Amino acid sequence: MKELLALLVLASCTSTPSEERFVGTWKITGSAHPLEAVFDEEGRIHLVEDQFCFNTGLGCSDNVRVGNAFCRFADTWQTSDETTLVIDATCSDNVQRPLVFEFLDERTQNAQPGGTAVVLRRAGQVEAPSPEISPAYYDWQFQRVQ
């Protein structure tokens, strides 16, 4: 029984291939302001560059509009498989919303020019496509830099 428990604990601590796909530095376009950010192994996001950002820290530009609220990437991410990336967002109406992105291409496309095709599937409780979400759910690209 102790060996089984030790194996379960060890398995829960190891990184899964789905997490490995998203760890690294990404150029992200599709939002109002293209940005570059590092997604680390602990599920944190660190801003590298935001073309229109004059503040420090992540989320100084609005990334997604949901209804009348403007949402910015917060500093955490998670995944459930190798095609789904969930970025936590802080919104102007003081509501935290998960932004659920689906990577459509194989992971070999991650570092290719133009990056990989990504769609925004959900923003909080709003399913895409929806006129309540902007930019459009299909206007996203993520390119792996490192």
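The values are calculated or read from the model by the stated rules, or taken from the named source; none is laboratory data. Please read these numbers as outputs of a predicted model, since none were measured by experiment. Because the Cβ atoms are built from the backbone with ideal geometry, glycine has one as well, and the counts that use them run over all protein chains shown. Ligands, DNA and RNA are stripped out before the accessible areas are found, and what is left, the full protein with its side chains, is counted by its heavy atoms. Shrake-Rupley method; radii C 1.70, N 1.55, O 1.52, S 1.80 Å.
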Going by what's in this entry, would PRO131 be described as modelled with pLDDT under 90, open to solvent by 80 Å² or more (accessible area, probe 1.4 Å) and more than 14 Å from TRP26 (Cβ to Cβ)? yes
Any hit, segment 70-78, residues being modelled with pLDDT of 90 or more, of a type in the set (S, T, N, Q) and within 12 Å of the chain's Cα centre (by Cα): yes
Condition test on PHE39, is it at pLDDT 90 or above, within 12 Å of the chain's Cα centre (by Cα), open to solvent by less than 30 Å² (accessible area, probe 1.4 Å) and of a type in the set (A, V, I, L, M, F, W, C)? yes
Out of all the residues in segment 64-122, which are in a loop (DSSP other than H, G, I, E, B), open to solvent by 70 Å² or more (accessible area, probe 1.4 Å) and closer than 19 Å to GLU36 by Cβ? GLN112, PRO113
Please go through segment 87-123 and give me each residue that is under 12 Å from the mean Cα position of the chain (by Cα) and closer than 13 Å to ARG21 by Cα, ordered by number. GLU102, PHE103
